[in-house]
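A quick write-up on the structure given underneath.
The values are calculated or read from the model by the stated rules, or taken from the named source; none is laboratory data. Just so it is clear, the structure is predicted and the values come from calculations on it, not from any experiment. Cβ sites come from the backbone with ideal geometry, for glycine too, and all protein chains shown count toward neighbours.
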Ligand code: NAD
Ligand code: ZN
């Protein structure tokens, strides 16, 4: 038992007080974990675009004051009642979606949409008592997607924690707890390109480049990267992207450009932008008869996907995925093993690193479209 078990921990956390305002490092109180919860010491966290969306709160409703952050790695500090599969000292990745193990989704081989713990961006409290575990002088500070990793300590549901190989370097594998696994799984588990096939990737941020890695691992022969930001193209070559299309360079819709250059369309496409027009293009650029498009980006809450129904009758398939269809507790440890076995490189996704005190720099970099993942070192 750690000396802090069962007690309130005072630590530093980056609090988002209001939409779009720089985070403020505050001293927060973190209550002990309750039934089926664990308290984690976060060692490394990184910034994903989803954090930025909810911080900006332009497109999505958001709850404030809140502790954001969901891509991270840490160590279990203490566990609450009923937790049997985790113990203090375990090396873990917290995940924004969970796996209770008991519901119809968790029992299905096809789904990772756990009824109890699936992503809920509106909930700022823990399920057990509908209260947050964070406070400042008794005033509540709310959670984000069940993880809130921009804090030295956080409390998460045990079903949202993947126990990983203790030899895995946490400053690297933290990026596997969201973006990289999401992109990789979107290709390997959902799009499932065949060897020698063509794959279009929309959006060449970390998620899209991980999707491109998946295409490379699956043996795709053409990987077409689509992005509005030309500075992404040079970087993307290191991720197996073989061709580039910038929609801004063409007068006709990008899907038409792709259909023309691929003899009727790509075999698979994976959308990793969050932009609804890119989603439509990603669907309309797949080949009839067998093409499959997979949506990964988180859209504006009012966005509507519009396409002529004939596109479906002509035997194109549209799918979407959260977390690349990986079940967090069952599947994530094996993604970490892919890295440990050198099948998957994660270093090339990590372009920046900042100490926790400079967390706002990570936001600035993402807003400028610079780099892929910025690691935030907690100590
Ligand atoms: P990012 O900002 O690093 O990358 C997005 C890229 O898309 C940028 O390079 C941008 O220039 C490009 N882009 C934007 N609009 C475009 C358009 N219309 N056409 C072509 N390119 C366009 O973001 P990221 O961290 O890689 O995340 C990508 C998306 O995936 C985000 O929407 C994020 O919220 C979402 N996401 C979803 C899941 C999931 O489980 N479904 C998990 C993690 C992230
Ligand atoms: Zn479940």
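Okay, here's what the table says:
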quantity: Hits in region 86-100 (condition: surrounded by 13 or more Cβ atoms within 10 Å (Cβ to Cβ), out of contact with any helix residue (DSSP H, G or I) (no Cβ under 7 Å at 6 or more places or on another chain) and over 13 Å from residue 156 (Cβ atoms)); calculated: 87, 88
quantity: Criterion violated by residue 105 - all others in (1) in contact (Cβ under 8 Å) with a residue 40 or more places away in the chain; (2) away from ligand 1 (no atom under 14 Å from the Cβ); (3) not in a loop (DSSP other than H, G, I, E, B) satisfied; calculated: (1)
quantity: Flag for residue 161 being more than 13 Å from ligand 2 (Cβ to nearest atom) and within 26 Å of residue 24 (Cα to Cα); calculated: no
quantity: Cross-chain or 6+ apart pairs with Cβ under 9 Å, region 221-243 first and on the phi > 0 side of the Ramachandran plot, then at pLDDT 90 or above; calculated: 240/209; 240/212; 240/213; 240/215; 240/216; 240/217; 240/220; 240/223
quantity: For residue 62: the one exception among (1) modelled with pLDDT under 95; (2) within 25 Å of residue 355 (Cα to Cα); (3) buried (at least 20 other Cβ atoms within 10 Å of the Cβ); calculated: (2)
quantity: Qualifying residue in region 200-208 (condition: more than 30 Å from residue 61 (Cα to Cα), within 14 Å of ligand 1 (Cβ to nearest atom) and surrounded by 24 or more Cβ atoms within 10 Å (Cβ to Cβ)); calculated: yes
quantity: Residue match in region 159-175 (condition: under 12 Å from residue 270 (Cα atoms) and either away from ligand 1 (no atom under 12 Å from the Cβ) or out of contact with any strand residue (DSSP E or B) (no Cβ under 9 Å at 6 or more places or on another chain) (or both)); calculated: no
quantity: Residue within region 18-27 that is under 24 Å from residue 127 (Cβ atoms), touching a residue at least 12 places away in the same chain (Cβ under 8 Å) and either within 16 Å of ligand 1 (Cβ to nearest atom) or touching a strand residue (DSSP E or B) at 6+ places or on another chain (Cβ under 9 Å) (or both) present; calculated: no
quantity: Only listed residue being under 18 Å from the mean Cα position of the chain (by Cα), crowded, with 19+ Cβ neighbours inside 10 Å and under 27 Å from residue 345 (Cβ atoms), chosen from 212, 220; calculated: 212
quantity: Hits in region 310-329 (condition: closer than 13 Å to residue 284 by Cα, in a helix (DSSP H, G or I) and either out of contact with any strand residue (DSSP E or B) (no Cβ under 9 Å at 6 or more places or on another chain) or within 16 Å of ligand 1 (Cβ to nearest atom) (or both)); calculated: 310, 313
quantity: Residue within region 22-36 that is assigned to a strand (DSSP E or B), under 18 Å from the mean Cα position of the chain (by Cα) and either crowded, with 18+ Cβ neighbours inside 10 Å or within 16 Å of ligand 2 (Cβ to nearest atom) (or both) present; calculated: no
quantity: Residues of region 75-102 satisfying the condition of being farther than 23 Å from residue 44 by Cα and either near ligand 2 (Cβ under 10 Å from one of its atoms) or outside any loop (DSSP other than H, G, I, E, B) (or both); calculated: 100, 101, 102
quantity: Filter result for the condition that a residue is surrounded by 17 or more Cβ atoms within 10 Å (Cβ to Cβ), within 23 Å of residue 367 (Cα to Cα) and in contact with a strand residue (DSSP E or B) (Cβ under 8 Å, 6 or more places away or on another chain), over 50, 45; calculated: 45
quantity: Where residue 135 falls short, out of the listed (1) part of a loop (DSSP other than H, G, I, E, B); (2) over 20 Å from residue 177 (Cα atoms); (3) touching a residue at least 60 places away in the same chain (Cβ under 8 Å); calculated: (1)
quantity: Condition broken by residue 126, with the remaining ones in (1) free of Cβ contacts under 8 Å to residues at least 40 places away in the same chain; (2) closer than 20 Å to residue 10 by Cα; (3) crowded, with 18+ Cβ neighbours inside 10 Å satisfied; calculated: (1)
quantity: Selected residue [modelled with pLDDT of 95 or more and either within 16 Å of ligand 2 (Cβ to nearest atom) or more than 24 Å from residue 98 (Cβ to Cβ) (or both)] from 184, 117, 176, 170; calculated: 117
quantity: Residue 120 being without any contact (Cβ under 8 Å) to a residue 60 or more places away in the chain, over 29 Å from residue 379 (Cβ atoms), assigned to a loop (DSSP other than H, G, I, E, B) and within 16 Å of ligand 1 (Cβ to nearest atom); calculated: yes
